[in-house]
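For reference, the structure is listed below as structure tokens.
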């Protein structure tokens, strides 16, 4: 039986290819990838493409900065989320197959669903996230993973954030699995930072805090390749 990651990645490849055909992000598309997961992609020795990301099947999520708020219903809108071109958006996270649940982040909140990346908190993920900044040069964004302590109600945000800057020239992917799939915080107050993967039961109400400073498109790609984090 296919795992949730397998099923979601196959769906994501189709969405990604459709988005490229429609020209949603206004840039040249990468070559189409086979919807089947190559077993070799499950090793750390996977091939790397010229854009810095692994080769192979993936789920594609575009976070698109817009100047004007969206007003239409966007409870299901493919692999994209709209956010203010300048400002902050809370992207609520829930566990399941990759899927955008609320694409309109221009009202301050959006929602995205993704599988548990490290169910046993081993420090090695079952899939990885790569990010790159696209669009008009000059914009940037900062993305931080946060969650709530169910006992105290205290919100903790990770000490690590993914910062993407759209410079001139070619944009390349960087591995942001540590920043987007874990919360690193001293929750128990012992002076030591602990590691909590998304959907660890020690915390609840996981979300990404997305702070945009003029970035037109942040592209996230989820590949079924492992990443080992500290």
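The values are calculated or read from the model by the stated rules, or taken from the named source; none is laboratory data. This structure is a prediction, so every number in the text was calculated from the model and none was measured. Here Cβ is always computed from backbone atoms with ideal geometry, including for glycine, and neighbour counts include all displayed protein chains.
When restricted to residues that are surrounded by fewer than 18 Cβ atoms within 10 Å (Cβ to Cβ) and farther than 23 Å from residue 202 by Cα, region 102-119 contains 3.
State which residue is nearest to residue 208 (Cα to Cα) when the search covers only region 63-79 and only residues that are buried (at least 20 other Cβ atoms within 10 Å of the Cβ) and at pLDDT 85 or above. Residue satisfying both the conditions and the ranking: 63. Within region 183-211, the set of residues being out of contact with any helix residue (DSSP H, G or I) (no Cβ under 8 Å at 6 or more places or on another chain), assigned to a strand (DSSP E or B) and under 17 Å from residue 92 (Cβ atoms) comprises 183, 196, 204, 205, 206, 207, 209, 210, 211. Of the strands (runs of 3 or more DSSP E) entirely within region 56-170, those holding at least 2 residues that are more than 18 Å from the chain's Cα centre (by Cα) and within 30 Å of residue 193 (Cα to Cα) occupy 155-165. Of everything in region 95-109 that is in contact (Cβ under 8 Å) with a residue 60 or more places away in the chain and touching a strand residue (DSSP E or B) at 6+ places or on another chain (Cβ under 6 Å), the residue that is nearest to residue 140 (Cα to Cα) is 105. The listed residues are 162, 171, and the only one of them that is surrounded by 15 or more Cβ atoms within 10 Å (Cβ to Cβ) and touching a helix residue (DSSP H, G or I) at 6+ places or on another chain (Cβ under 9 Å) turns out to be 162.
The conditions of being surrounded by fewer than 23 Cβ atoms within 10 Å (Cβ to Cβ), over 16 Å from the mean Cα position of the chain (by Cα), under 25 Å from residue 103 (Cβ atoms) and at pLDDT 95 or above are not met by residue 209.
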